[in-house]
Amino acid sequence: MKSKHMSSNHTQITIAMLATAVVLIGALLVAGCTGTGGSATPTPTAAPITTTPTTAVPTTADATQVTTAGTTVPATVTATTTTTGASYVPGTSTGKISVTGSTTVLPIAQKLAERFMELNRNADVQISGGGSGVGVQSAGEKTAEIGMSSRELKDAEKTKYAALKAVPMARDGIVMIAHPSNDISSLSFDQIRNIYTGKAANWRDVGGKAQPIVVIGRDSASGTREFFTEKIMGKNATTASMLEKNSNGAVKSSISPNPGAIGYVGLGYIDSTVKAINLSANGTEVQPTTENVIKGTYPLSRNLYFVTNGDATGLAKDFIDFTLSTEGQQIVEEEGFVSITRTA
């Protein structure tokens, strides 16, 4: 009996030991598979991928702008080469400037400023008229960062404001205009001079139908008037009956309802409310067109200028560089004037 009992106990111990071994082996296998065991080789895991966030930049300048580190960046940031060789990068301009002067340049400057401020949300460009004389004086006395002029600087202005710089930004032609019902198609320099001195007081005096001529011109601050005086009038005084207007727009709006009126404006002011009169030069009629200004065949052509006191800096330089860029010169032509970069 004793021997049988001991054999039975031995068998039970063996079975228990085997069971324990099975449990230990299973634990080791599990540890090896999960990589948590001490010496078992862990299962490789992929390293985490770090992705740097990127901000999509809109493809058009009118799209929503992106703000980076507190700085507003415009949609279009490609450098634009200007006619002066400088590079202008939209979105980098900040601050406020005043641009004042010539009413001929005024509509161009207004459109340029609108677009410039679309591209540079932190820039403020204030545009106002007053005439070329006002523009030159404002730049000279530094009451404006940029003056606008439809004529070249006078010697007296160069002497008084020695640091003045005049930058050509567009070309223009002065156009004689009359009421759309006027049957005159062209006038010579002599005929225009006779009208503005009062020698020819009726349209029949210059080949038209019998009707008194209402002479309209510009005020003394006008660069357009000074150019007209230089090219047409010379030393001849204008008639005392001439009605003086302080802008191109005022001249045009005075002629459009007046069948007997005549005046002169910049090329960009021509529309269906007035009649543009051809100029007779050496017996040849020349139409006041962009093409003829470019070719140099239109006899009343001129440059338009931005004027600064010394070399332009900061926001003023950026605005001038933009004006001279491809986009800026396209705006010049959209306003009816001639790009300074255009050649025949």
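The values are calculated or read from the model by the stated rules, or taken from the named source; none is laboratory data. Computed from a predicted structure; not experimentally measured. Note that each Cβ is placed from the backbone with ideal geometry, even for glycine, and that neighbours are counted across all protein chains shown.
Screening the candidates 255, 232 for the property of being touching a helix residue (DSSP H, G or I) at 6+ places or on another chain (Cβ under 9 Å) and either within 15 Å of residue 181 (Cα to Cα) or touching a residue at least 40 places away in the same chain (Cβ under 8 Å) (or both) yields one hit, 232. I'd like to check something: does the stretch 184-194 contain any residue that is surrounded by 15 or more Cβ atoms within 10 Å (Cβ to Cβ), of a type in the set (Lys, Arg), in a strand (DSSP E or B) and not assigned by TED's automatic domain parsing to the domain that holds residue 131? No: zero hits.
Would you call residue 166 small (Gly, Ala, Ser), assigned by TED's automatic domain parsing to the domain that holds residue 104 and surrounded by fewer than 21 Cβ atoms within 10 Å (Cβ to Cβ)?
Working: small (Gly, Ala, Ser): yes; assigned by TED's automatic domain parsing to the domain that holds residue 104: yes; surrounded by fewer than 21 Cβ atoms within 10 Å (Cβ to Cβ): yes.
When the stated conditions are applied, residue 166 passes them.
Within the bounds of the stretch 174-181, is there any residue that is touching a residue at least 24 places away in the same chain (Cβ under 8 Å), surrounded by fewer than 18 Cβ atoms within 10 Å (Cβ to Cβ) and not assigned by TED's automatic domain parsing to the domain that holds residue 315?
Taking the stretch 174-181 first, the residues touching a residue at least 24 places away in the same chain (Cβ under 8 Å) are 174-181.
Next cut, surrounded by fewer than 18 Cβ atoms within 10 Å (Cβ to Cβ) only: 180-181.
From the residues that got through so far, the ones that are not assigned by TED's automatic domain parsing to the domain that holds residue 315 too are 180-181.
Yes - at least one qualifying residue is present in the stretch 174-181.
Taking the criterion of being crowded, with 22+ Cβ neighbours inside 10 Å and over 11 Å from the mean Cα position of the chain (by Cα), the residues of the stretch 89-113 that qualify are 93, 99, 100, 101, 102, 103, 104, 105, 106.
Search the stretch 114-163 for residues being assigned to a loop (DSSP other than H, G, I, E, B) and of a type in the set (Asp, Glu), and hand back the single one that is surrounded by the most Cβ atoms within 10 Å (Cβ to Cβ). Talk me through it step by step, then tell me what you get.
Within the stretch 114-163, the first condition is being assigned to a loop (DSSP other than H, G, I, E, B), and the residues that meet it are 120-122, 129-131, 141-145, 150-154, 161-163.
Okay, now just the ones that are also of a type in the set (Asp, Glu), so 141, 145, 152.
Details: 141: 12, 145: 26, 152: 18.
Within the stretch 114-163, the match that is surrounded by the most Cβ atoms within 10 Å (Cβ to Cβ) is 145.
Residues of the stretch 232-246 include none that is closer than 17 Å to residue 276 by Cβ and either in contact with a strand residue (DSSP E or B) (Cβ under 6 Å, 6 or more places away or on another chain) or basic (Lys, Arg) (or both). Evaluating residue 242 against the criteria (1) at pLDDT below 95; (2) closer than 24 Å to residue 132 by Cβ; (3) out of contact with any helix residue (DSSP H, G or I) (no Cβ under 6 Å at 6 or more places or on another chain); (4) aliphatic (A, V, I, L, M) leaves one unmet condition, (1).
In the stretch 311-344, which residues are within 14 Å of the chain's Cα centre (by Cα) and of a type in the set (Gly, Ala, Ser)? Of everything in the stretch 311-344, those that are within 14 Å of the chain's Cα centre (by Cα) and of a type in the set (Gly, Ala, Ser) turn out to be 316, 325, 328, 339.
Whenever a residue of the stretch 264-292 is crowded, with 19+ Cβ neighbours inside 10 Å, its partners that are of a type in the set (Lys, Arg), lying with C-beta atoms within less than 7 angstrom and at least six residues away or across chains, give the pairs 265/252; 269/252; 274/252. In the condition set (1) farther than 19 Å from residue 109 by Cβ; (2) not in a strand (DSSP E or B), residue 320 is compliant with all but (1).
Of the residues making up the stretch 198-235, those that are surrounded by fewer than 17 Cβ atoms within 10 Å (Cβ to Cβ) and under 40 Å from the mean Cα position of the chain (by Cα) are 219, 220, 230, 231, 234, 235. For the stretch 245-257, filtered to residues that are over 17 Å from residue 107 (Cα atoms) and modelled with pLDDT under 95, the residue that is surrounded by the most Cβ atoms within 10 Å (Cβ to Cβ) is 256.
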